[in-house]
Amino acid sequence: MKRQLYFLLTLLVLSIQLTAQGYKLPAYEKFKLANGLTVYLMEQHEVPVISVSAILPAGAIYDGEKAGLASLTAVSLKHGTKNFSKAKLDEELDFLGASVNTYASKESAGLSAKFAAKDREKILAIIRDLLLEPVFDTAEFSKEKKRLLVSLEQQKESPRSVIGSYFDKFLYGDHVYGNIVQGKPGTVSGLTTADLKAFYTANYRPDGSAISVAGDFNAKEMRAKITALFSGWKKGPKTTGNAASAPIAKPAENRVLLVNKDDARETTFYIGAPGIARNNPDFVAIDVINTLFGGRFTSMLNDELRVNSGLTYGASSRFSALKNGGSFVISTFTAGKSTEPAIDKALEVLNRLHKEGIDEKSLTSAKNYVKGQFPPRYETAGQLAGLMTQMFWYNFDESFINNFEKNVDGLNLDKAKEIIAKYFPKDKLQFVLVGKAADIRKIAEKYGKVTQVEIKEEGKKGF
């Protein structure tokens, strides 16, 4: 009880310090092994816990024609290793109260772990085995694939579960950013453990990857431990380039993708356009403006579509930033009969942002909100470990953290006007509507050239 009270008081003191002085990234150490693996270490002794984060160039952009391969490969790392069967692995982690998760995203694959500091020898050895010596058990993979295929079919009953993938494919076209992370039934059903092993060999490599460790440890001892565990990881084959760096074609006109779901009573829709890369120098300013436009509950979008008009239970906007590009999206859903007024209202708010801009009071509110939300994102060892691998992946340093409040405060009305004009779209918009086509196709035609697909079908334009 005393320990818990001490921990809570420590967090309170830290919170007060962060509010009064601004957030600064704690000291960390960075080094690279001979095989190219980048390592980050950050000592945090407040709580006897250690968190590990790893990031690897093994995301869905490398799937080729086998959508879902990166995701299944990442999940299957936990199906057993040279030294741990799946059952033994699960038992060991459960007994120690530790968590180790593996996953893949659009660009990268990752591992995250959290465990008691006293168990670091055992858990670090497991992490090493997962990354270096997975066996890709055939029986376990078969069960995993069946579960995924069922999930993919079930998701088609929930437009909000699939509309993001439809939008990415529609926006990015043949660019690898249009690849579907979770895959689609037609590609997943044909995957084998041989595919996983080939993907692993080609993409799970130390060069181009990073591991970060944050928490209760001695940095000198941890450096020696990580070096001993991972120095034997062999570099991968030389690659000819990164497909994600290929130019992304920009839309030439308004377009609409209408995804027909015959039994739909609602219309779920995205209105979007190309966005920004993560290393954009205006990243912070864009975040502040978007917070005001659609990034929080009391945003312009939500006020108009939910509070004032009652057209939806919620509307939002976001910039999804990747290494070489990204997207901007307005998202919401509405009753089928109110599809047209909801879309019109969203466009009206976007046009008002361009025509009227924002005022000083609204800007101050958004800046305060963003600054207040920032420190809690980097309080725990897990959050800090994840931050360091993000710093590696997107090639930014601690100045993003340390200068964050300064950069927020530096945004004025003139700069805000420039940000809106440059990054928030006003034409050549891309619409994705999931709903009953018989009821909304004429409405969809109002906004651009319509392409219609069936939510139950697979194909180049859909699933």
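The values are calculated or read from the model by the stated rules, or taken from the named source; none is laboratory data. Predicted model only: the values in this text are computed from it and were never measured. Ideal geometry is used to build each Cβ from the backbone, glycine not excepted, and the neighbour counts take in all protein chains shown. For the accessible areas, the whole protein counts, side chains as well, though only heavy atoms, and no ligand, DNA or RNA atoms are used. Shrake-Rupley method; radii C 1.70, N 1.55, O 1.52, S 1.80 Å.
Close contacts from the stretch 269-287, counting a first residue that is without any contact (Cβ under 8 Å) to a residue 24 or more places away in the chain and a second that is assigned to a helix (DSSP H, G or I) and crowded, with 19+ Cβ neighbours inside 10 Å, with Cβ to Cβ under 7 Å and a gap of 6+ residues or different chains, come to none at all.
Looking across G215, G236, one residue alone is at positive phi, touching a Gly at 6+ places or on another chain (Cβ under 9 Å) and open to solvent by less than 50 Å² (accessible area, probe 1.4 Å). It is G215. Scanning the stretch 104-117 for residues that are closer than 19 Å to F217 by Cβ, part of a helix (DSSP H, G or I) and out of contact with any helix residue (DSSP H, G or I) (no Cβ under 8 Å at 6 or more places or on another chain) turns up at least one hit. Comparison of N324, N302, N290, N279 shows that the only residue that is polar (S, T, N, Q), open to solvent by 10 Å² or more (accessible area, probe 1.4 Å) and modelled with pLDDT of 95 or more is N290.
Within the stretch 431-438, identify whether any single residue is buried (at least 18 other Cβ atoms within 10 Å of the Cβ), of a type in the set (V, I, T), assigned to a strand (DSSP E or B) and touching a residue at least 12 places away in the same chain (Cβ under 8 Å), and answer yes or no. Yes, the stretch 431-438 contains at least one residue that is buried (at least 18 other Cβ atoms within 10 Å of the Cβ), of a type in the set (V, I, T), assigned to a strand (DSSP E or B) and touching a residue at least 12 places away in the same chain (Cβ under 8 Å).
Can you tell me which residues in the stretch 53-76 are charged (D, E, K, R) and closer than 13 Å to T192 by Cα? Of everything in the stretch 53-76, just one residue is charged (D, E, K, R) and closer than 13 Å to T192 by Cα, namely K66. All conditions in (1) modelled with pLDDT under 95; (2) under 23 Å from I211 (Cβ atoms); (3) surrounded by 14 or more Cβ atoms within 10 Å (Cβ to Cβ) hold for G22, with the sole exception of (2).
In the stretch 40-75, which residues are open to solvent by less than 10 Å² (accessible area, probe 1.4 Å) and free of Cβ contacts under 8 Å to residues at least 40 places away in the same chain? Once the filter is applied, which keeps residues that are open to solvent by less than 10 Å² (accessible area, probe 1.4 Å) and free of Cβ contacts under 8 Å to residues at least 40 places away in the same chain, the stretch 40-75 yields only A74.
Residue by residue, here is whether (1) more than 30 Å from S338 (Cβ to Cβ); (2) open to solvent by 60 Å² or more (accessible area, probe 1.4 Å) holds:
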residue	(1), (2)
D195	yes, no
G208	yes, no
A219	yes, no
L229	yes, no
K250	yes, yes
L257	no, no
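Suppose the filter is surrounded by fewer than 17 Cβ atoms within 10 Å (Cβ to Cβ) and within 22 Å of the chain's Cα centre (by Cα); does Q155 pass it? Yes: the conditions hold for Q155. Looking at (1) modelled with pLDDT of 95 or more; (2) within 27 Å of M300 (Cβ to Cβ), can you tell me which one F400 breaks? It fails just one condition, (1).
For the stretch 158-181, filtered to residues that are closer than 23 Å to T332 by Cβ and polar (S, T, N, Q), the residue that is least open to solvent (accessible area, probe 1.4 Å) is S165. Selection of the stretch 354-378 for residues being open to solvent by 40 Å² or more (accessible area, probe 1.4 Å) and under 19 Å from the mean Cα position of the chain (by Cα) yields Q373, P376, R377.
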